[in-house]
Amino acid sequence: MLPRKHKLSRSEIEVLFKEGKSMHFPVFMLRYSRLLKSGQNKFTVIVPKKALPKATARHTIKRSIYNLLDEFGIGRGNNSLMCAIILKKVDSKDNTALLAMILESVRKII
């Protein structure tokens, strides 16, 4: 799990949505920017109720994405990157393909 200092705050999310760039994929969308002044990478994962109605499933996917970012060292990098991962369609049973796509796309922008 990523530490709190590597997660975006509400004010940073607002700045990211106003001034960041986006990449669209069939299952998720990335909003990213290099406007961060702290020098650390910061991430957030957004899973709307439309994608998964049950809160436990939403939190499970969020945790798995945060763990993936932390495991591969992306979340703790020093590229001053702000990134929001917004999921559109989610299959709550099999997330391995989704996690692989997210990892690959985040590595591209870093």
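Derivation of every value follows stated rules applied to the coordinates shown; laboratory data play no part. It should be emphasised that the depicted structure is a prediction, and the values quoted were computed from it without experimental measurement. When we count neighbours, we look across all protein chains shown, and the Cβ atoms used for this are built from the backbone with ideal geometry, even at glycine.
Checking segment 39-48 against the condition returns a match, with at least one residue being crowded, with 17+ Cβ neighbours inside 10 Å and closer than 16 Å to K93 by Cα. How about segment 69-97: which of its residues are crowded, with 20+ Cβ neighbours inside 10 Å and either small (G, A, S) or assigned to a helix (DSSP H, G or I) (or both)? Within segment 69-97, L69, G75, A84 qualify. Quick check, is N79 polar (S, T, N, Q), in contact (Cβ under 8 Å) with a residue 60 or more places away in the chain and more than 17 Å from S22 (Cβ to Cβ)? Here the answer is no, as N79 does not meet what is asked. Could you identify the single residue in R31, R63, R58 that is without any contact (Cβ under 8 Å) to a residue 12 or more places away in the chain and either surrounded by 14 or more Cβ atoms within 10 Å (Cβ to Cβ) or closer than 18 Å to R4 by Cβ (or both)? Within the list R31, R63, R58, the selection yields R58.
Right, A51: touching a residue at least 24 places away in the same chain (Cβ under 8 Å), more than 19 Å from E104 (Cα to Cα) and surrounded by 15 or more Cβ atoms within 10 Å (Cβ to Cβ) or not? Yes. Inside segment 8-59, residues that are in a strand (DSSP E or B) and either touching a helix residue (DSSP H, G or I) at 6+ places or on another chain (Cβ under 8 Å) or among the aliphatic types (A, V, I, L, M) (or both) make up a count of 12. Counting the residues of segment 75-101 that are under 11 Å from the mean Cα position of the chain (by Cα) and over 14 Å from A51 (Cβ atoms) gives 5.
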